[in-house]
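Written out below as structure tokens is the structure these notes cover.
Each reported figure results from applying straightforward, stated rules to the coordinates on display, with no laboratory input. Since this is a predicted model, take the numbers as computed values, not measurements. Ideal geometry is used to build each Cβ from the backbone, glycine not excepted, and the neighbour counts take in all protein chains shown.
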Amino acid sequence: MRSRLFLLCTLLVLACRQQSPGPASDSDHVLRLADQDEIPTLDPARGYDTASWQFEDLIFETLLDYDDKGDLVGEAAESWSASADFREFRFMLRPSRFSHGRSVRPGDFAYAVRRVLLPSTQSPGRDFYLGLLGARECDSTACDVPGIEAREPDLLIFRLETPDLLFLHKVALPFAAALPEEIVRERGATFSRNPTGSGPYRLREWRAGQYLWLEPNPYYEGAQPPSLAGILRQTGVGEELAWMQFLSGQLDVTGIPTADFLHVRGDPRWRERIHTITTLRTQYVGLNCSVPPFHDRRVRQALNYATDKEKLVRLLNGRAVAAVGVVPPNLPSYPERAPVYPYDPHRAEQLLRAAGYAAGFETTLWLRNDPTAMRIAQSLQQDWLRVGIHVKLRPLAWGVFLEAIREPGRVPMFLLGWEADFPDASNFLDVLFHSRQVGANNHTEYRNPAVDALLEAAARELSASARIQFLYRAEQAIIEDAPWIFLFHPSTFVLVQSRVAGFRLHPWRPPRVGRVRIEITNGHPPEPHSARPRNASGR
Amino acid sequence: MRRSAPNRTLATGIAMLVLMLAVATIAPVWLNRDPLLPVTDAIGEPLAPQRTFPCGTDELGRDVCARILVAGQVSLAIAISATAICLGVGVGVGLLAGYFGGWVDTLFMRFTEVLLAVPMLLLAITLAALFEPSPYLLLAVIGAVGWTPVARAVRAEVRSLRAREFVVAARAIGATNRRILGKHILPNLRASILGLAAVTASHSLLIDAGLSFIGLGVPPPVPSWGRMLSESQTYYRAAPWLMLFPGAALSFAVLAFQLIASGLGRPFAERQ
């Protein structure tokens, strides 16, 4: 009997442990987040996705960062200067320390950039720093980049082969965050799961597939001291489950499920707590200019006229802005543009007739197998059917889809989006439409020497306003050629609990959750108290 | 000789099937609504069931009734075709293995067991990754694995029949194997085959719905019950009718086939 009782108790304890959603915490001042997917990596050289960047931003420090308005401000750098020819950049560092106590030196930033440049690191950010003097000579045996000079105790100099107006944005990317070389070498491949940085938070525990738990970095001396006792991010929580957890007060920040969006937006209880921003993203249908019938510009233009973008915006419950071109409307200092392709099925039919497709044609739209993408694709199918274009859908897993569209001439049309790394039109136009990018990011195989010339002129130009004019003219030529169907720019909508103060969304970076505060007042609101992170034994 | 009681289960199943086929054939014509195009301006906000749209509309403004009916035609056509494939292969293999025994039996049955061990879902995902999802691919997937239970059941039945006196007598007077199989054994399998057909059809419907649910079924915009269920997941609280009606239609169809199978199984059991 005794042994049975013991067994029962053991089973109960085990059951309680398994039900526990997160780690032990005795503080209400822990910000609770959740997401479906695991964070791919916390190695700044390897991460190139929203989830990785959100937490790298908390653990590591870059020389520069963006404020809420999107202007560059110093993070690890106290001051900085660029030479008149934009080939030399100097950064004076402020004192700071890694989370294991050692002071940050200029050499730690130099090491991080050299590590990104090493081919063996396989960093997706390598291209950003290839303009540094000697960076292209970097190989697996030696990476002594003469373009990076670290002068102890606090001066860091970058020298470039050619002028680069965007270099300051590039050092604000997490790829260039300071790394403690001795720890990176010691931990090797495990550094990505057990990182050490000089940001306001440090890793406390990361259980794969369960949760990630950050705590304040006790040595942090920067301008954004940690305001939270911790940040807990659960993994494997889908949109619907996250929504239910939020309603029951177990989460502090969540997205809003499509089906509940209109009801939530109209509810006065939630209205004050919704945060929204139009992101620097463009959703589009790429038309392969080397594949018939899309080799004919008139067909591509016809598809643009045949697409009801406002209907797509309604389908997304208004969570998007209809696109008039490639570049999103909220890009700082970029000119406004008028719509070139209004919804006009009649004009589309005329163009199709002129191109010799009066009876329409059949083709296949490739896309990611994702509920929202499928919904958008079915709306497009409806629109195009009205002008006689029969489109089959080919939904694929994300990796397979990306591989397919990179293969020249294989995919006639595809549904995809692009998000800017930094706020500059060249990050859309040069990366996606220059002919040298065919086989890399120019999946539509669009080639226009006039556009190439304008983009190259913009890259050489040192005057910001003249540069924008070159980019604007290039975009106008691209819109005229219509290698894309310009669909919309998605807006992000996030709901936060009333106890969360100071939450801000950023147009091109994940939300800066490390800067929020938790304000608890007695008796109100009720949900945070009932939702204290439960400890490991499920108490 | 005693007349057996009227088989109410079978009659109910057949009545449900006939009703379903009639509705799926006639109603779309009568309803006269395109299941692919919007019938309302309410995009992004499904309309609840009402007089004009008895099953409501979906987030793309399409009539749910029209979609369920067309999906029914597609699903029933796939289920019936898949059943024909499964019966064709399964009965053939079962007949040969059960009648000839020996190495023929060993060869066919081991092959059947190998196929039974292949996980259906993994096979479907692999095939869908290699080929474009289409009704033919669905038929190939269901047919590739659906015949194995038929083959096993038929083999067991044939092994019992081949030892019966009428088969021994036929063999004694010099009847050929072909004649024995065609004239003596196959007609005695009729009731079993009909029962197996009904069971296979109901399984095929469920497999079709399952594969469509995970996006491996008939590609959109052609509606299918499984994909309608899958697409309505997001709206299960805000618009439950999007899940309710296709779910009910699928359950009705599966129940009809199961009742027929159950009804057909009874006379067979009584005779035994």
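Applying the Karplus relation 6.51 cos²θ - 1.76 cosθ + 1.60 with θ = phi - 60° to the range A:471-478 yields 3J(HN,Hα) values of 5, 4, 5, 5, 5, 4, 5, 5 Hz, where x marks Gly and Pro.
Distance between the C-alpha centres of the range A:63-99 and the range A:119-140: 21 Å, rounded to the whole angstrom.
Summary of packing: across the peptides B:100-113, A:472-485, the per-residue average of other C-beta atoms within 10 Å ranks them, highest first, as A:472-485, B:100-113. Projecting the Cα atoms of A:Gly209, A:Ser52, A:Val73 onto the charge dipole of chain A, computed from C-beta unit charges around the Cα centre, puts A:Gly209 farthest toward the positive end.
Between B:Leu127, B:Leu69, B:His203, the Cα set farthest toward the positive side of the dipole of chain B (charges on each charged residue's Cβ, about the Cα centre) is that of B:His203. Taken about its Cα centre, the range B:51-206 carries a charge dipole of about 780 debye when Lys and Arg each add +1 at the Cβ and Asp and Glu each add -1 at the Cβ.
Suppose every K and R has +1 on its Cβ and every D and E has -1 on its Cβ; what is the size of the dipole of the range A:399-449 about the Cα centre, in Debye to the nearest 20? It would help to have the intermediate numbers written out before the result.
Working: 4 positive and 7 negative charges, 50 e Å.
So the dipole magnitude of the range A:399-449 works out to roughly 240 debye.
Here the contact order of the range A:354-422, divided by its residue count and restricted to Cα pairs under 8 Å and six or more residues apart, works out to 42 percent. Using θ = phi - 60° in the Karplus curve 6.51 cos²θ - 1.76 cosθ + 1.60, the 3J(HN,Hα) couplings for the range A:260-269 round to 9, 4, 5, 5, 5, 5, x, 8, x, 5 Hz; x is entered for Gly and Pro. The mean number of Cβ atoms from other chains found within 10 Å of a Cβ in peptide B:235-247 is 2, as a whole number. Between the residues B:Phe166, A:Ile389, A:Ile485, the greatest Cα displacement towards the positive end of the dipole of the protein assembly as shown, with unit charges on the Cβ of Lys, Arg, Asp and Glu, is found for B:Phe166. Considering only alpha-carbon pairs that sit under 8 angstrom and 6 or more positions apart, the relative contact order computed for chain A is 20 percent. When peptides A:175-184, A:35-44 are ranked by their average number of other Cβ atoms within 10 Å per residue, the highest-first order is A:175-184, A:35-44.
Taking a ≥ b ≥ c as the square roots of the Cα gyration tensor eigenvalues, with a/c under 1.5 meaning rounded and otherwise prolate when a/b beats b/c, else oblate, which class fits the range A:348-414? It comes out oblate by the Cα gyration axes. Taking amide hydrogens as placed 1.01 Å from N in the peptide plane, the amide H of B:Leu216 sits under 5 Å from that of no residue at least 5 positions away in sequence or on another chain. A straight Cα-to-Cα reach below 12 Å connects A:Lys170 with the aspartates and glutamates A:Asp65, A:Asp127, A:Asp421, A:Asp424, residues fewer than 8 places away in its own chain not being considered.
What's the Kirkwood radius of the range B:94-216 in Å, using all Cα pairs? Walk me through the numbers before you get to the answer.
Values: mean 1/r = 0.0618 Å⁻¹.
That comes to 16.2 Å for the range B:94-216.
Rg over Rh for the protein assembly as shown works out to 1.05, using Cα positions for both radii and the Kirkwood form for Rh. Compared with the dominant principal axis of the Cα atoms in chain B, helix B:8-31 is inclined by about 40°.
With a 10 Å cut-off around each Cβ of B:168-178, the average count of Cβ atoms from other chains is 0. Per residue, the convex hull around the alpha carbon atoms of the range A:66-192 comes to 118 Å³. Taken along its three principal axes, the alpha carbon spread of chain B comes to 76, 50, 29 Å, from the longest extent down to the shortest. Under a 5 Å amide H cut-off, with hydrogens placed 1.01 Å from N, A:Arg204 pairs with A:Trp213, A:Leu214, A:Glu215 among residues at least 5 apart or on other chains. Packing here is the average count of other Cβ atoms within 10 Å per residue, and on that basis the peptides A:297-310, A:212-225, highest first, run A:297-310, A:212-225. Which ³J(HN,Hα) values in Hz, rounded to whole numbers, follow from the phi angles of the range A:298-314 under the Karplus curve 6.51 cos²θ - 1.76 cosθ + 1.60, where θ = phi - 60° and Gly and Pro get x? Result, rounded to whole Hz: 5, 5, 5, 5, 4, 5, 5, 5, 7, 9, 8, 6, 5, 5, 4, 5, 5. Spatial offset of the range B:177-216 relative to the range A:354-409 amounts to 37 Å, using the alpha carbon center of each. Close amide H pairs (under 5 Å, H built 1.01 Å from N) link A:Gly230 with A:Leu31, residues at least 5 positions away or on another chain.
Assign unit charges at the C-beta atoms only (+1 for Lys and Arg, -1 for Asp and Glu), then state the dipole size of the range A:27-146 relative to its Cα centre in Debye, rounded to the nearest 20. The partial results should precede the final answer.
Working: 13 positive and 22 negative charges, 113 e Å.
Rounded to the nearest 20 debye, it is 540 debye.
Note on A:302-311: average number of Cβ atoms from other chains within 10 Å of each residue's Cβ is 1. Positive contributions from Lys and Arg (+1) and negative ones from Asp and Glu (-1), summed over other residues with Cβ under 10 Å from the Cβ of B:Thr112, come out at +2. For the range A:227-253 and the range A:287-326, write down the distance between their C-alpha centroids in whole Å. Rounded to whole Å, the Cα centres lie 36 Å apart. Cysteines in chain B that lack a partner Cβ within the 4.7 Å cut-off: B:Cys86.
Report relative contact order for the range A:244-339 in percent, whole number only (criteria: Cα-Cα under 8 Å, sequence separation at least 6).
Details: 48 pairs, mean separation 23.3, N = 96.
For the range A:244-339, the relative contact order is 24 percent.
Rounded, prolate or oblate, given the Cα gyration tensor of the range A:177-308, with a/c below 1.5 counting as rounded? Oblate.
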